[in-house]
Amino acid sequence: MGNVVDVVVAGAGIAGASLAYELAAEQRVLLLEREERPGYHSSGRSAAMLIASYGTDAVRGLTKAGRSFFEHPPEGFSDKPLLSKRGYLHIARESQLSRLDAFELEIRPHVPSLRRLSGAEVVEAAPLVDPAYPAAGLLEPDAMAIDDAALHQGYLRGFARRGGQLMTNAEITKTHQGAGGRWMIETGVGRFETDVLVNAAGAWAEALAELAGVPPIGLQPKRRTAILLDLPEVSGAPAGAGLLGDMPMVTDIDDEFYVKPEGGALMVSPADETPVPPSDVQPEELDVAITVDRYETLTGKTVRAIRKRWAGLRTFVPDHSPVIGPDPAATGFFWLAGQGGFGFMTAPGAARLAADLILGRNPDHDLAPLIEAVSPKRLRKD
């Protein structure tokens, strides 16, 4: 490919990989990853789901626009389905019913299949829940679990087949615009020139912008904790073959926790969002203890052992919508950042929108209304 390319994408997580795949069909694209493998941070530590109700209107729009990609991926993209049936269950205690009512009114237009459940029906749908806990719930039966590894690897393989080049251990150490407006990029693996520099650096996106002399947009990485537990028993019988293994993902209406069956175990998180600098975050003991306590309160069961514990970074701007578009203050600098906890579900839609904007095409009717809502222009105070 050489050292001069049309587009450099910084960051090979799900955001960067999906966009690089879309662009490589028409452009010479170089994908740079600062770590030794793609997806080491946020993309490799995700509870990936496809949920129609999740997030802001912009997030919901991107999710809807990309659903067909998940259901019908391109020929040869993956050797297994990208989606599996899971469902998504919001639950509320008696004191939270007003919040559940308001949320139902908000999301019903986006989820025609939404079902209101009584407390007893919540327990029937999710047998691990202590019958004394829920007062009601909202079930999204069409929510699906995403095979995050299959999606990420499908994009990376497809990118390579289209002639794209991936370089790892390739942190950008210097970058500036030359006299002709082309970005000059220095990394530990070489120097490169490009017309377009895409900032898909996740938690490091603000740092990359500063390096490039681009004004900040207010990105904040936040730590999210998770643990993995054995599936408990229900009515004296192991639940791995069904029951709990097939139940929907369960989340508290006030985002105090979520529980998701995962590979014959349970992934549990306190849904924490602790502001931290970009780094290889590790779980804090207090957060793990809070996770265990909330799980025990939900289920009435004592946690005897934790299989695994970890933490990841979710990066947001203040309005919690993603940032997709050219920077108004720097020609050729393009933002693809701020995906928070919805990077996988929005990846196909976001990549298609970003590719259209970079290539100067008019986005399709499902994406065009989202341009202003995700543009970095909305975040600049000047």
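Here are the numbers for this structure:
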{"quantity": "Complete set of residues in the range 255-270 that are open to solvent by less than 20 Å² (accessible area, probe 1.4 Å), assigned to a loop (DSSP other than H, G, I, E, B) and either of a type in the set (Phe, Trp, Tyr) or at pLDDT below 95 (or both)", "calculated": "PHE257"}
{"quantity": "Number of positions in the range 183-199 that are at pLDDT below 95 and closer than 23 Å to PRO376 by Cβ", "calculated": "0"}
{"quantity": "Neighbours by Cβ (under 7 Å, 6+ apart or cross-chain): first from the range 148-176, assigned to a helix (DSSP H, G or I); second surrounded by 17 or more Cβ atoms within 10 Å (Cβ to Cβ) and polar (S, T, N, Q)", "calculated": "ASP148/SER46; ALA150/SER78; HIS152/SER43; GLY154/SER78; TYR155/SER18"}
{"quantity": "Sole exception among (1) modelled with pLDDT of 95 or more; (2) open to solvent by 30 Å² or more (accessible area, probe 1.4 Å) for TYR295, by number", "calculated": "(2)"}
{"quantity": "Residue list for the range 161-198, filter: of a type in the set (Gly, Ala, Ser), closer than 13 Å to ARG34 by Cβ and touching a Ser or Thr at 6+ places or on another chain (Cβ under 6 Å)", "calculated": "ALA170"}
{"quantity": "Within the range 318-362, tally of residues that are more than 27 Å from GLU71 (Cα to Cα), of a type in the set (Gly, Ala, Ser) and in contact with a Phe, Trp or Tyr (Cβ under 9 Å, 6 or more places away or on another chain)", "calculated": "1"}
{"quantity": "Subset of the range 347-362 [open to solvent by 20 Å² or more (accessible area, probe 1.4 Å) and touching a Pro at 6+ places or on another chain (Cβ under 9 Å)]", "calculated": "ARG352, LEU357, ILE358"}
{"quantity": "Unique match (being under 21 Å from ALA48 (Cα atoms), open to solvent by 10 Å² or more (accessible area, probe 1.4 Å), of a type in the set (Val, Ile, Thr) and within 21 Å of the chain's Cα centre (by Cα)) among THR225, THR274", "calculated": "THR274"}
{"quantity": "Residue, farthest from LEU23 (Cα to Cα), within the range 328-375, restricted to residues that are among the charged types (D, E, K, R) and touching a Lys or Arg at 6+ places or on another chain (Cβ under 9 Å)", "calculated": "GLU372"}
{"quantity": "Residue list for the range 229-242, restricted to those being open to solvent by 30 Å² or more (accessible area, probe 1.4 Å) and either out of contact with any helix residue (DSSP H, G or I) (no Cβ under 6 Å at 6 or more places or on another chain) or at pLDDT 95 or above (or both)", "calculated": "ASP230, GLU233, SER235, GLY236, ALA237, PRO238, GLY240, ALA241"}
{"quantity": "Subset of the range 170-185 that is touching a strand residue (DSSP E or B) at 6+ places or on another chain (Cβ under 9 Å) and open to solvent by 60 Å² or more (accessible area, probe 1.4 Å) - its residue that is nearest to GLY213 (Cα to Cα)", "calculated": "HIS176"}
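The values are calculated or read from the model by the stated rules, or taken from the named source; none is laboratory data. Keep in mind the model is a prediction, meaning the values are calculated, not measured. Counting neighbours? That spans all protein chains shown, and the Cβs are built from the backbone with ideal geometry, glycine included. Ligands, DNA and RNA are stripped out before the accessible areas are found, and what is left, the full protein with its side chains, is counted by its heavy atoms. Shrake-Rupley method; radii C 1.70, N 1.55, O 1.52, S 1.80 Å.
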